[in-house]
Amino acid sequence: MKYLITEQQLESYVWKYLDRVFSSDSMISYNDSSNTATMYVIGDPDEEDDRMTYYTCEYFDDDVLWHKDICPFVVVDKDYFERLDNYFGDVWKDVFKKWFEVREGKHIKTVLSYSNLDLFNTTMS
């Protein structure tokens, strides 16, 4: 049996899922000293169970070029990134960008997982 849902319904489901997974009640944010990166952590900060990190272009040295076309960006924990991909395909990434901007007031251009970031670092640096 096939079920049809509208794009708006799917976006609504993704938004609700993001609200639940990245709950503001349990998420703590930490800015770096220059306010160019923010790490969002669930639970005990000493355990470093980080879920995502926001980076501006200014976070990187001027001689580092691999990030120029993708920043500002958010790097999501690999497990959560893969789970979102499996549940929603690529649709979640555009919804995430809107959700993040509404929730945090920060525009993002790209959403990556840590494994994507490692690949970018090795192939683009």
- request: Determine the alpha carbon to alpha carbon distance for each of LYS68/LYS98; LYS78/LYS106; LYS16/LYS97 and list only those over 19 Å.
  value: LYS68/LYS98; LYS78/LYS106
message: Among 83-89, 107-113, 23-29, how do they line up by average Cβ neighbours within 10 Å per residue, starting with the highest?
response: 107-113, 83-89, 23-29
Student exercise, the chain dipole from Lys, Arg, Asp, Glu Cβ charges, in Debye to nearest 20: 720 debye
- prompt: Relative to the first principal axis of the alpha-carbon coordinates of the chain, what is the inclination of helix 91-104, with its axis defined by its Cα atoms, in degrees from 0 to 90 and to the nearest 10?
  reply: 60 degrees
query: Got a sec? Charge dipole of segment 7-124, +1 on Cβ for Lys and Arg, -1 for Asp and Glu; which of ASN86, SER26, THR53 is way out at the positive end?
result: ASN86
message: Taking the number of other C-beta atoms within 10 Å as the exposure measure, put MET39, MET52, MET1 in order starting with the fewest.
response: MET1, MET39, MET52
message: Give me the mean projected area, in nm² to one decimal, of the convex hull enclosing the Cα positions of the chain.
response: 9.1 nm²
query: Of TRP99, GLN8, ALA37, which is farthest along the charge dipole of the chain in the positive direction, counting Lys and Arg as +1 and Asp and Glu as -1 at C-beta?
result: GLN8
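None of the figures in this text is laboratory data; all of them are computed from the coordinates on show. Because the structure is a prediction, the values reported are computed rather than measured. In this analysis, Cβ positions are derived from the backbone assuming ideal geometry, glycine residues included, and neighbour counts consider all displayed protein chains.
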